[in-house]
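Reading through the structure tokens given below for one structure.
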Amino acid sequence: MLQWVLLAFGLDYHGKGKVALYQTFYDFVIDEYSRNRRTVLIIDEAQNLGAETLEELRMLSNVNADKDLVLQLILVGQPELREMLRGRELVQFAQRIAVDYYLPPLTRVQATEYIGHRLKVAGGDPKLFESGACDIVHTFSRGIPRLINILCDTALVYGYAAQAKRVDVALVREVVADKSDSVLFSQRQETRQVDMRRTELEGEAACRRPFGDNDATEHEVLRDLFSSLRAKP
């Protein structure tokens, strides 16, 4: 781990033992601090680090003495990182965490806005994905941005191949069907099928005109829709 850290900062790590590596890094951060500059080490996908590697990072943080913060460590990772840091073997590491933040999955509204924002930044039409299509993307991605990106990117490819003007529900359903056997999307498949059916039924109900209290026919149609939903496994 120390070798990768030195490489990231452009420091020489060749032919050095662990003690020499640590001393090289220590000298570097102290020199930066003397120049009124703080060293920040950002590690992405930190959930893939083992307990031993995290312990090495803890040792690096020992360069911080008293009130002088010469090194700042930032770990970014998936929810698995959170669980790992709760383990007994990482108690000392967790105790040194000053600030932590957990980003929950996006809500349905947030996912729709997220899709529109990415399209706008890319120079496209923020409304390229129909509302129902965004709902299905949210359901099958469970609100996880990375999975939203995968589904939307694939939907754009499918839409381009079909020369579609917009990404509609049918197109996204095709993407979901093709991705259903993927490791990323195979979890909780039955739950997502029920959720997607609920999305469809809610969409059908929303498209129907408002009905009055005496309109028995409309009441029966709506009751049949939700009875069908409950009957789904």
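Where helices (runs of 4 or more DSSP H) fall wholly inside the stretch 1-84, the ranges with 1 or more residues that are farther than 20 Å from Ile97 by Cα and free of Cβ contacts under 8 Å to residues at least 60 places away in the same chain are 2-8, 18-34.
In the stretch 136-150, the residue that is surrounded by the most Cβ atoms within 10 Å (Cβ to Cβ) out of those that are assigned to a helix (DSSP H, G or I) and not hydrophobic (A, V, I, L, M, F, W, C) is His138. Tyr160 fulfils the conditions (1) aromatic (Phe, Trp, Tyr); (2) within 26 Å of Pro79 (Cβ to Cβ); (3) surrounded by fewer than 13 Cβ atoms within 10 Å (Cβ to Cβ) except for a single criterion, (2).
Any read-out appearing in this document is the output of simple, stated calculations on the displayed coordinates, not a laboratory observation. This one's a predicted model, so the numbers in the text were calculated from it and none came from an experiment. Positions of Cβ are backbone-derived with ideal geometry, glycine not excepted, and every protein chain shown enters the neighbour counts.
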